[in-house]
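Heads up: the structure comes next, in structure tokens.
Rule-based calculations on the coordinates, nothing more; no lab input. Values in this document were obtained by computation on a predicted structure and should not be read as measured data. Here the Cβ positions follow ideal geometry from the backbone for every residue, glycine too, while neighbour counts run over all protein chains shown.
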Amino acid sequence: MVKALKGTLIECDPAAREVLLKLNTKDKFIIEDLDSTHLFISSTHLERVQRALDELMDTNTYDPSAAQ
């Protein structure tokens with residue numbers, strides 16, 4: 001019997017992929033880890049994944065005005 005799941009294909013760099021794999025340990029949203037730059041995730045978790053990556057990018061971005 002074939003089982004179909006609704007999901008979203010995500011293309012990301014390997015560093016973002018590692019972050020998503022770590023987030024996946026808490027709440028299973030990755031349906032399939034396809035390769036080093038592609039993940040197939042549950043569509044219901046798409047917004048949460050986007051927010052988590054946005055927060056990570058905000059914390060890891062250099063702000064030249066804060067350096068003074």
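Would you please name the trypsin sites (Lys or Arg not before Pro) within segment 1-34 that are DSSP coil residues with at most 15 other C-beta atoms within 10 Å of their C-beta?
Values: sites: Lys3, Lys6, Arg17, Lys22, Lys26, Lys28; in loops: Lys3, Lys6, Lys26, Lys28.
Answer by residue number: Lys3, Lys6, Lys26, Lys28.
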Legend entry - Contour excess over end-to-end distance, with Cα ends at Thr44 and Lys22 and 0.36 nm allotted per residue: 6.1 nm
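Calculate for the chain the 222 nm mean residue ellipticity that helices alone would give, adding -39,500 (n - 2.57) per DSSP H run of length 4 or more and normalising by residue count, nearest 500 deg cm²/dmol.
Details: 2 runs with 25 residues, N = 68.
Mean residue ellipticity at 222 nm (helix-derived): -11500 deg cm²/dmol.
Return the tail of the calculated pair distribution for the chain, meaning the percent of Cα-Cα pairs more than 21 Å apart.
Cα-Cα pairs in the chain separated by more than 21 Å: 31 percent.
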Inset, instruction - Can you tell me the 0 to 90 degree angle between the C-alpha axis of helix 46-59 and the longest principal axis of the chain, rounded to 10? - result: 20 degrees
